[in-house]
Amino acid sequence: MQEMMLLDRRTKELVKEYVPEGDVLDSIVCFFSIFADSTRVRMLSALAISEMCVTDLSRVLEINQTTVSHQLRLLKNLGIVKSERQGKIIFYSLVNDTVNDVMLKGVEFLGC
């Protein structure tokens, strides 16, 4: 008995070609996981407005400095934020506008 195909051959080929797998899939999942934590989203939103140091982020967002430092270290390791030392103070900023664009698209999608 022949197996019945619900999809046409072209669709099947396109799906196989474009659905991510392996390292690409892992990277995409890792990227979107940064938005799964409310503290990180708040911090990223603040950094989209202005570069800030740990103290400023902690005060303006009313978050413990240890938590801010931990999240910044994670975001820096993922290549989402960068740091620049100015004397004794380290300022953090977004590497580029992509993360903010993704958040804005999410807000647009949700109709917020």
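The values are calculated or read from the model by the stated rules, or taken from the named source; none is laboratory data. Model, not experiment: these values are computed from the prediction. Cβ sites come from the backbone with ideal geometry, for glycine too, and all protein chains shown count toward neighbours. In case anyone asks, the SASA skips ligands and DNA or RNA and just uses the protein heavy atoms, side chains included. Shrake-Rupley method; radii C 1.70, N 1.55, O 1.52, S 1.80 Å.
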Q. Of the residues in segment 44-62, how many are closer than 16 Å to residue 104 by Cβ and not small (Gly, Ala, Ser)?
A. 3
(Q) Just the residues that are open to solvent by 50 Å² or more (accessible area, probe 1.4 Å) and either assigned to a strand (DSSP E or B) or in contact (Cβ under 8 Å) with a residue 40 or more places away in the chain (or both), please, taken from segment 75-96. (A) 78, 82, 84, 85, 86, 89, 90
Q: Report, ordered by the first and then the second residue, all pairs with beta carbons closer than 9 Å, sequence separation of six or more or different chains, a first member in segment 21-34 that is free of Cβ contacts under 8 Å to residues at least 12 places away in the same chain and under 15 Å from residue 79 (Cβ atoms), and a second member that is of a type outside the set (Ser, Thr, Tyr) and part of a helix (DSSP H, G or I).
A: 32/102
Q) In the list 31, 91, which residue meets the criterion of being touching a Ser or Thr at 6+ places or on another chain (Cβ under 9 Å) and of a type in the set (Phe, Trp, Tyr)? A) 91
Q: For segment 38-67, enumerate the residues that are within 17 Å of residue 85 (Cα to Cα), among the hydrophobic types (A, V, I, L, M, F, W, C) and assigned to a helix (DSSP H, G or I).
A: 47, 54, 57
Q) Considering 61, 57, which residue is at pLDDT 95 or above, touching a strand residue (DSSP E or B) at 6+ places or on another chain (Cβ under 9 Å) and open to solvent by less than 40 Å² (accessible area, probe 1.4 Å)? A) 57
Q | Residues located in segment 1-51, provided they are more than 30 Å from residue 68 (Cα to Cα) and under 11 Å from the mean Cα position of the chain (by Cα) | A | none
Q | Unmet criterion (only one of (1) surrounded by 10 or more Cβ atoms within 10 Å (Cβ to Cβ); (2) of a type in the set (Gly, Ala, Ser); (3) closer than 30 Å to residue 62 by Cα) for residue 27 | A | (3)
